[in-house]
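FYI, it's all coordinate maths here, none of it is from the lab. Worth saying up front: this structure is predicted, and the values here are computed from it rather than measured. Ideal geometry is used to build each Cβ from the backbone, glycine not excepted, and the neighbour counts take in all protein chains shown.
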Amino acid sequence: MAGKRALTIATALGETGLTVVAQHYLGGVYCSLGDYRRAVECFQMNVACLDGALRQAHLGLPGLATVFARSHLVVALAECGAFAEARAPAEEGVQIAEAARHPYSRVMAWWAVGVRALGQGDLPQAIQGLEQALTLVQGADLRLLIPMVTAPLGVAYARAGRSADAVPLLEEAVAQAVARQYLWDQALRMVWLGEAYLGAGRLAEAETQAQQALVFTQAHQERGHAAYALWLLGEVAAQRAAPEATQAAAHYQQALALADALGMRPLQAHCHRSLGTLYATTGQQEQARAALSTAIAMYQSMDMPFWLPQTEVARAQVEGR
């Protein structure tokens, strides 16, 4: 891999700046591949390196390298469900970026705050952080960053029941990313748009987005995003007027297998919840109880209360309480 070779050369030369940049881009590649654990290692090493005189350095990046390191570390940790561990670097990134008054750095810092909160299910904080990032993007005319910010903001709106706000924002994010050839995380944006369509009752469009996202992930080896696309396909199949239980279960199981392999604990919990709900509708009471109990335990361990009430209600119904 070119990134590994670059890192080896930079390390051998003793060039801290080159090492940081190589680790930054290598971490980004790992995130795209769904290897979040290795991404975390790269970004943690950069956070450790970027102190003292390097705290205000850009090192060829569009913003402060230390803010970039913290922001991407936060997002990678969130994919693993390490929300508590991600809190400190998220807060530090905002403090450093705001003190520097650097627009690009401020966007990255608030984006990380919003994405962390989105993954954990803290929708008010997610919306606040991402709206702040969008305000900064618009104020500094950083048009390339619009899809990066508006997509997670759109799905936060969708999960908050604001479909009328969510759908057009996500449609614009997906379209602008294509127009600007800004295809980093594009599959995830398509999944989020599909989720918003699903929430608005537009199942056919949700399925199209999920299928297109899955094709994109297969072309680019994005295993983490493939897991999200498979989960969404399961949701579509489960929510049809005549639910396609076998197909839904197959999609959920495929998504769960990938999430297990990649350490994507929040998605694992969502898959267990979806499977439990599906099993309950098909009369598989013991399997439903087990899956829902696993989801509840995982949500509690990661402090993800947003999804707990509906999951607990579903289990109580299965248990006849």
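With R₀ set to 30 Å, the beta-carbon distance separating ARG55 from ARG143 gives a calculated FRET efficiency near 0.60. Think of the stretch 203-321 as a dipole: +1 on every Lys or Arg Cβ, -1 on every Asp or Glu Cβ, centred on the Cα centre; then among ALA257, GLN218, PRO243, ALA257 lies furthest on the positive end. Based on DSSP H runs of at least 4 residues, each adding -39500 (n - 2.57), what is the mean residue ellipticity at 222 nm of the chain after dividing by all its residues, to the nearest 500 deg cm²/dmol? Helix-only estimate at 222 nm: -26500 deg cm²/dmol. Here the label points at ALA160 and ASP260, each 7 Å from Cα along the C-beta direction, are separated by 3.6 nm in the simple model.
Rounded if a/c is under 1.5, else prolate if a/b beats b/c, else oblate: with a ≥ b ≥ c from the C-alpha gyration tensor eigenvalues square-rooted, which is the chain? Prolate shape, in that a/c is at least 1.5 and a/b is the bigger ratio. The simple spin-label model puts a point 7 Å past each Cα toward its Cβ; for GLN211 and ARG240 those points are separated by 1.1 nm. The label point for GLU172 and the one for ASP303, both projected 7 Å from the Cα toward the Cβ, are 3.4 nm apart. Extension gain, ALA200 to ALA179: 0.36 nm times the residue separation minus the Cα-Cα distance gives 5.0 nm. Let a ≥ b ≥ c be the square roots of the eigenvalues of the Cα gyration tensor of the stretch 203-321; is it rounded (a/c under 1.5), or, if not, prolate (a/b larger than b/c) or oblate? Since a/c reaches 1.5 but b/c is at least a/b, the shape of the stretch 203-321 is classed as oblate. Here the stretch 113-181 and the stretch 32-52 have alpha carbon centers that stand 24 Å from each other. Under the convention that each Lys and Arg Cβ holds +1 and each Asp and Glu Cβ holds -1, the size of the dipole of the chain around its Cα centre is about 220 debye. Per-residue extension of 0.36 nm, minus the Cα-Cα distance of ALA84 and GLN221, leaves a gain of 46.4 nm for this segment.
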